[in-house]
Amino acid sequence: MENYEEVKWQFKPNKRVNTASQITIRGVLNAIMSALEPSDARPVIPLGHGDPSAFPCFRASPLAEDAIANAVRSAKFNSYSPTVGILPARRAIAEYLSRDLPYKLSPDDVFLTIGCSQAIEVAMTVLARPGANILLPKPGFPYYEAHAAFNNLEMRHFELLADRGWEVDLDEVESLADENTVAIVIINPGNPCGNVCTYEHLKKVAETARRLGIVVIADEAYAHLTFGSNPFVPMATFGSIAPVLTLGSISKRWMVPGWRLGWLVASDPNGYLRKTKIIECITGFLNISSDPATFIQGAIPQILEKTTNEFFDKIINLLRESADICFEKIKEINCLNCPQKPEGSMFVKLNTSLLEGIDNDLDFCLKLAKEESVVVLPGRAVGITDWLRVTFAIDSSSLADGLKRMNTFCKRHAKK
């Protein structure tokens, strides 16, 4: 047997992949899950994820399931998809989004992606020219940081103001931007903050983007999943003021994150994104990447056109009831404070000074998992320390149990 020990191998790992992968919610949640005590016979309560589909009360609409079955059985969607997605699906998405806009989108404005995550990847990659920088919200969704790091795109973070309902600090945005700034990311409804931006505030964002000459990346993965006083307003409403790249999917509203069907839409009636060849670059990126499953694309027209308001109303009512329970129960936990009633997800302030043996938000989450088998997400995973993201999209009995265990944990660690 030959000895290969002396060979000088030329291959090495791409360190940027490891760096980027560390900046993800999955990575943080995996670390917290590893802290769970195997001997604890109680069920694990997942209050840190964004996937309610595991719970029967949040099951997908039978109509959506039938649409998938019909697409498969038709044998019309067994082939490769065009790069940008099949025309019937793109047309259906354009019509669906146009319902809320003062102008009509074209199928040519729509690009299908593997969930909203790939839409983020596309947007961040095509804008990452050498020397460019991007404005990201703090707190925010760490996939943007991950893809910015992977693409050598400089990140500049602007604050979301908790005392103003997590509005964008527009003065800070203007101070951060320069001639190399290419885009600003707006997540509405807010993730992780659970806020819903007003019409007036979004218009100011668009006007700021226009002054700076940048595109708005509008992450609307949670579009219409709101139950507070502010109605959801698409950022594309202001596409005539500044060009908007709208990112969305069927994952959240239809309760099917595993189906991996999303979109990136050029909401740009003035055509600036085409004139600057951003659209050409998006198509080029999709030419060298994977597509959503064709049969899922084939089901989209039926899913978007025929899902009833009854299904949507049921989901909203379930979320509203869970949010109310969560908000009231959080008040009973001394070291936690929710600054405003959630309109989407819930973001909770953690006061570690009231706790013994808890150093920070990550330490809180690791020990909570170990001692009580409850998983919540530390704020540092989304860019801000000593906060917690609490997801209440689970069945009510599990939610009540999880919050009770959190209260027990906090009382156990309370300073005497």
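The values are calculated or read from the model by the stated rules, or taken from the named source; none is laboratory data. These numbers were taken from a predicted model, which means no experiment stands behind them. FYI the Cβ positions are ideal-geometry reconstructions off the backbone, even for glycines, and counts take in every protein chain you see. Protein only, heavy atoms only, side chains kept; ligands, DNA and RNA dropped before computing areas. Shrake-Rupley method; radii C 1.70, N 1.55, O 1.52, S 1.80 Å.
Taking the centroid of alpha carbons for each part, the range 63-134 and the range 250-288 are 6 Å apart.
Here VAL390 sits with roughly 0 square angstrom of accessible surface, probe radius 1.4 Å. Here the range 32-74 yields Rg over Rh of 1.22, to two decimals, using C-alpha coordinates and the Kirkwood radius. Kirkwood hydrodynamic radius computed over the range 355-416 comes to 12.1 Å, based on all pairs of distinct alpha carbons.
Positive end of the dipole of the range 176-255 (Cβ unit charges, origin at the Cα centre): among PRO243, PHE232, GLY190, the Cα lying farthest that way belongs to PHE232. Spatially, the range 400-416 and the range 199-237 are offset by 37 Å when compared through their Cα centroids. At the listed q of 0.11, 0.13 Å⁻¹, the Debye profile of the chain, built from one uniform point per Cα, gives log10 I(q)/I(0) equal to -0.86, -1.17.
Kirkwood radius, the range 127-188, all distinct C-alpha pairs, inverse of mean reciprocal distance: 11.9 Å. Summarising the amide proton neighbourhood of ILE217: residues at separation of 5 or more, or on other chains, whose placed amide H is nearer than 5 Å comprise ILE184, VAL185, ILE186, LEU245. Rounded to the nearest 10 degrees, the inclination of helix 396-412 to the longest alpha-carbon principal axis of the chain is 50 degrees. When the chain is treated as a GNM, springs tying every alpha-carbon pair under 10 Å, which of VAL17, VAL265, VAL44 comes out with the largest mean-square fluctuation? Most flexible of the set in this elastic network: VAL17.
Reported to two decimal places, what Rg/Rh ratio describes the range 156-303 when computed on Cα atoms with Rh from the Kirkwood expression?
On the Cα set of the range 156-303, Rg over Rh gives 0.98.
When both bridge partners sit in the chain, DSSP labels roughly 50% of those beta bridges antiparallel. For the range 186-230, the ratio of Cα radius of gyration to the globular rule of thumb 2.2 N^0.38 Å stands at 1.21. The residues packed around PHE295, meaning those with a beta-carbon under 11 Å from its beta-carbon, carry a net charge of +2 if Lys and Arg are +1 and Asp and Glu are -1. The translational diffusion coefficient of the range 70-189, from Stokes-Einstein at 4 °C and 1.567 mPa s with a Kirkwood hydrodynamic radius over alpha carbon pairs, comes to 77 µm²/s. Note on the range 1-93: with neighbouring protein chains present and a 1.4 Å probe, carbon and sulfur make up 57 percent of its accessible heavy-atom surface. Using C-alpha pairs under 8 Å with a sequence gap of at least 6, the mean separation divided by the residue count of the chain gives a relative contact order of 24 percent.
Between ASN309 and ARG26, the simple spin-label model (points 7 angstrom out along Cα→Cβ) gives 3.8 nm.
The residues of the chain expose, per residue, 46 Å² of accessible area to a 1.4 Å probe.
Spin-label pair LEU63-SER289: with each label point 7 Å from Cα along the Cα-Cβ axis, the two points sit 3.0 nm from one another.
Quarter the surface of the alpha carbon convex hull of the range 218-294 and you get the mean projected area, 6.2 square nanometres. Between the helical axis of 115-126 and the longest alpha-carbon principal axis of the chain there is an angle of about 60 degrees.
Solvent-accessible area of the range 162-239 (1.4 angstrom probe, protein heavy atoms only): carbon and sulfur portion equals 44 percent. Where only DSSP H runs of four or more residues are counted, the chain gives -12000 deg cm²/dmol as its mean residue ellipticity at 222 nm, each run worth -39500 (n - 2.57). With respect to the chain, whose longest principal axis is taken over its alpha-carbon atoms, helix 361-372 is tilted by about 60°.
Can you check what the Kirkwood hydrodynamic radius comes to for the range 269-354, Cα pairs only, in Å to one decimal? That comes to 18.0 Å for the range 269-354. Note on ILE325 and TYR272: the extension gain reaches 14.5 nm, defined as 0.36 nm multiplied by sequence separation minus the Cα-Cα distance. Computed from the alpha carbon atoms alone, the convex hull of the range 309-416 holds 97 Å³ per residue.
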